[in-house]
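The values are calculated or read from the model by the stated rules, or taken from the named source; none is laboratory data. Worth saying up front: this structure is predicted, and the values here are computed from it rather than measured. Every residue, glycine as well, gets a Cβ built from its backbone with ideal geometry; the counts of neighbours run over all protein chains shown.
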Amino acid sequence: MGITFSMDSRGRASRNSFRLKLVKHYFYTLLFLPFALLSFSQDIYTPPKIQNAIPTLDGVIQAGEWEFAEKILLDFEVDPGNNINPKEKTIAYVSYTNTHLYIAIHAFANPKDIRASVRSRDDFGLIGDDFVLLRFDTYADGRNNYLLLANAFGSQLDARAINALTDDDRYDSSFNVDYETQGSIVADGYQVEFKIPFSSLPFPNGTNQIWNFNITRQAFREGIPIDIRSQPFDRTDPCQVCQTTDQLVLKDITIEKRVELLPYVAGGLSGQKNTIQGSLEYDKLKPNAGLGLNLDLNKNITMEVTLNPDFSQVEADVTQIDINSSVALEYPERRPYFNRGTDIVQYTSGAFYSRSINNPLISTKLISQGRKDRIYFLTALDQNSVYQIAGEDRSYLGSGGQSFVNVFRYQRFLNKNARLGLLSTNRYFNGGGFGNVFGTDGWFLFSKNWRLTYEFFLNSNKEPTANWIDTEDRIFDRSVSLDGERFKGSALFLQLYRNTRNWKSYLSLRDISPNYQADVGFVVKNNRRWATLYHVYQNFPNKEGLQFFSLGTKADVNITYQDYLKAVSVDGILSLNTFFNTSINYTYDWDIFKNFLGRNYRNVGKSELQIDSNPSESLSFNYRMTFGKDLAYNEPQPEIGSELTLFFMPGFQLSNKLKLSPSIRYARLKNIQTQTNYFEGAITRFSARYQFNNFFSIRLISEYNTFSERFFIQPLIQWNPNPSTVFYIGGNQNSLNEFNDDLYSLFRVDQTQYFLKFQYLIGI
């Protein structure tokens, strides 16, 4: 630390000023030294390069095998303790070759206390296990953490942590890294070994690298998860990824350009019930083939090309109850091709939605990630496009045939505390019509506690002339039916966010004009201007019966572009983390006033209770209940009804390889005056999975939907040794209740399908 001398007018040092500054200097040093050590703690690790024997990847740390490696102690319990010394001992060993990073971790524990099951790749049940986690910020700029997890059996889960405001936006689970792990339970705990190819991680060009890095271990103490890390963690800092600050120095590594081919072959046989004869009639066997190409132009720029991809869903979408929804429902993206690079095109306002590209015949994607700039470009020929129109109270959905889609995204990092971006999307429909969106966004961190974000977009559209949507509804000065109209609109999102250890607050403003439409996005309502104020107090007692609680409120005011009131609502929010690894969340949603389809409604209130618990290795459950008042949106004359919805899903880990996951969703809306139901029904679902090892499994899903009186069953055999190589064989069978009465029911198969697919990663 330097000392600045104060000079008098004659250029001589002022002794009194110097002494005063010296006293202040040492006073502030002593006063803030503990906080400085906590906030700016940074270790630098310079692991030795492996010269001779490469460690055997078998999940066992053999005597002398890792003696040469850099040793790292995980000596900070960051939750529930606040950066205290942990009771659980953990040692990590780090070394590398020109092409791979090698890490071994010894987690000391009583083997009887270890929670772990053999799991397929990216099974989120792993979060309830004992596991170790590697965090890499390869650009050392606090924008991303690449997370590589493994449990005691070497089962893997990887993700990308993003510098976002909330947990819902913070984690990108679609991110994949091709890495190897092996784990084993030993007499004094468990051991895990990692082998990570440098080619599988994005990082800046150059053979000498300095990455930000740390290691985390999750353990359990009396059923409570314990977060142990190799460096301290500041709970008051909303930027979690910025706190990966230990440095990993790697010298003279080899930069390998990845060239991968992803050929696949698939086949399917489908049958439909002949309504006259009552028997199934099968189509001809439909073989299919396609090809993917992944090419590294350099370490920062990757190009992907896919030709005739097979995007069939191996994991069937969980059926959502949409009988009382006036808008289209959003589903998560599971297709690997579209999942790569999603952190670059993530928007609060729904400006881009990859599942709007439904069935591409061919697509090309270019991703560039430098220290200062990021670029995402995608072009696709979509064979069966989605056409969605947003209205004031409803959305409209149709099938738009073929279309040509382009997406361009540019992001500039001005510094660690500021970034700006541009987005351009366009869609041209075969036969006429187009939709263009152009806009800008930004993110500014004024301090560790204050953050400002904005998104602003303009659209220009020409409707196709088509019969995809059949309705006589109007959106102000234009018809919803597709008759070639032209229109323009805009959308704005602005949020000021503050986070401290005990308070979370934000003020957000949204503005969506009556003619705003995002043809490559997901926007279900327009013609609204609304403000949201969110304010929550939180505390961490870290006691046996109460580890965390929060209490707060959220208020919304919504008006239209015509300046009439659309909605006023207030929410009360309560959250607890308590016994048996259980979280309880309660929300009371009170619509003081709301307008729907020109009619006014007052005092529409309902409660939502959510309980998530994982009390033991063998048992977990999720419970949701909503009760109170809601509108019957799809009735000819919407009225306020009495609502009850339930969701319950227990999980039974019967062994470290077999898991059962039944669930039930129930929904009812009752007319308050007549006590008759607007609707009532349930969806029961059952899933069983047997995991032979980390790569090979069999699974059975069945589902019964009383709303449609349909029964669905899907068996599946799957082999998945890495993120890109997959073999599966299975089928779907749909049955319909033909009689549908209380006295007699008969389910008969009306649709069936058998399918197989083999996709293999070929490195060149």
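Just a few scattered comments:
- Cβ-Cβ distances below 9 Å connect the following pairs, each with a first residue in the range 671-698 that is farther than 30 Å from VAL604 by Cα, a second residue that is among the acidic types (Asp, Glu) and assigned to a loop (DSSP other than H, G, I, E, B), and a separation of six or more residues or different chains: ARG689/ASP123; GLN691/ASP123.
- Unmet criterion (only one of (1) over 30 Å from LYS372 (Cα atoms); (2) not in a strand (DSSP E or B)) for ASN461: (2)
- Check on ILE672, of a type outside the set (S, T, N, Q), loosely packed, with under 15 Cβ neighbours inside 10 Å and outside the structural domain of SER120 (by TED's automatic domain parsing): yes
- Residue match in the range 512-522 (condition: polar (S, T, N, Q) and either more than 24 Å from ALA328 (Cβ to Cβ) or in a strand (DSSP E or B) (or both)): no
- Listed by position, the strands (runs of 3 or more DSSP E) contained in the range 539-620 that have at least 3 residues being of a type in the set (Phe, Trp, Tyr) are 582-596.
- Any pair with Cβ under 8 angstrom, 6 or more apart, that starts in the range 191-202 at a residue that is free of Cβ contacts under 8 Å to residues at least 60 places away in the same chain and within 17 Å of LEU295 (Cβ to Cβ) and ends at one that is of a type in the set (Asp, Glu) and surrounded by fewer than 21 Cβ atoms within 10 Å (Cβ to Cβ): SER200/ASP178
- Residue in the range 382-402 that is within 22 Å of the chain's Cα centre (by Cα) and outside any helix (DSSP H, G or I) present: no
- Matching residues in the range 236-255 - criterion: being acidic (Asp, Glu) and modelled with pLDDT under 90: ASP237
- Only a single item in (1) β-branched (Val, Ile, Thr); (2) without any contact (Cβ under 8 Å) to a residue 60 or more places away in the chain; (3) in a loop (DSSP other than H, G, I, E, B) is not met by THR348, and it is number (2).
- Within the range 717-764, considering residues that are over 28 Å from the mean Cα position of the chain (by Cα), within 24 Å of TYR704 (Cβ to Cβ) and aliphatic (A, V, I, L, M), the one modelled with the lowest pLDDT: LEU743
- Exclusive hit being crowded, with 21+ Cβ neighbours inside 10 Å and hydroxyl-bearing (Ser, Thr, Tyr), set SER155, SER199: SER155
- Contact map, the range 469-496: first residue on the phi > 0 side of the Ramachandran plot, second residue part of a strand (DSSP E or B), Cβ cut-off under 9 Å, separation 6 or more or different chains; pairs are GLY484/LYS462; GLY484/THR465.
- Filtered residue count, the range 513-549, keeping only those that are within 20 Å of ARG355 (Cα to Cα) and not charged (D, E, K, R): 8
- Answer residue from the range 571-581, given it is without any contact (Cβ under 8 Å) to a residue 60 or more places away in the chain and surrounded by fewer than 17 Cβ atoms within 10 Å (Cβ to Cβ) and is farthest from GLU222 (Cα to Cα) among those: GLY572
- The combined condition, being touching a helix residue (DSSP H, G or I) at 6+ places or on another chain (Cβ under 6 Å) and under 17 Å from ILE344 (Cβ atoms), is fulfilled by TYR376.
- Some residue of the range 535-546 being over 26 Å from the mean Cα position of the chain (by Cα) and buried (at least 18 other Cβ atoms within 10 Å of the Cβ): no
- Test: SER356 is small (Gly, Ala, Ser), more than 25 Å from PRO204 (Cα to Cα) and at pLDDT below 90: no
- All positions within the range 55-72 that are exposed (fewer than 13 other Cβ atoms within 10 Å of the Cβ) and hydrophobic (A, V, I, L, M, F, W, C): ALA63
- Comparison of PHE220, PHE213, PHE233 shows that the only residue that is part of a loop (DSSP other than H, G, I, E, B), of a type in the set (Phe, Trp, Tyr) and assigned by TED's automatic domain parsing to the domain that holds GLY142 is PHE233.
- Annotation for the range 162-176: no member residue is of a type outside the set (Lys, Arg), surrounded by fewer than 18 Cβ atoms within 10 Å (Cβ to Cβ), in a loop (DSSP other than H, G, I, E, B) and at pLDDT 90 or above.
- Residue count, the range 502-550 (criterion: β-branched (Val, Ile, Thr), touching a Lys or Arg at 6+ places or on another chain (Cβ under 8 Å) and under 30 Å from ILE389 (Cα atoms)): 3
- Where TRP530 falls short, out of the listed (1) closer than 30 Å to SER479 by Cβ; (2) part of a loop (DSSP other than H, G, I, E, B): (2)
- Residues of the range 464-496 that turn out to be hydrophobic (A, V, I, L, M, F, W, C), surrounded by fewer than 17 Cβ atoms within 10 Å (Cβ to Cβ) and part of a strand (DSSP E or B), as a count: 2
- Some residue of the range 411-422 being assigned to a strand (DSSP E or B) and under 30 Å from ASN324 (Cβ atoms): no
- Against the conditions (1) more than 30 Å from PHE727 (Cα to Cα); (2) within 26 Å of the chain's Cα centre (by Cα), ASN677 satisfies every one except (2).
- Scanning the range 357-390 for residues that are crowded, with 21+ Cβ neighbours inside 10 Å and in contact (Cβ under 8 Å) with a residue 60 or more places away in the chain yields ILE357, GLN369, TYR387, GLN388, ILE389, ALA390.
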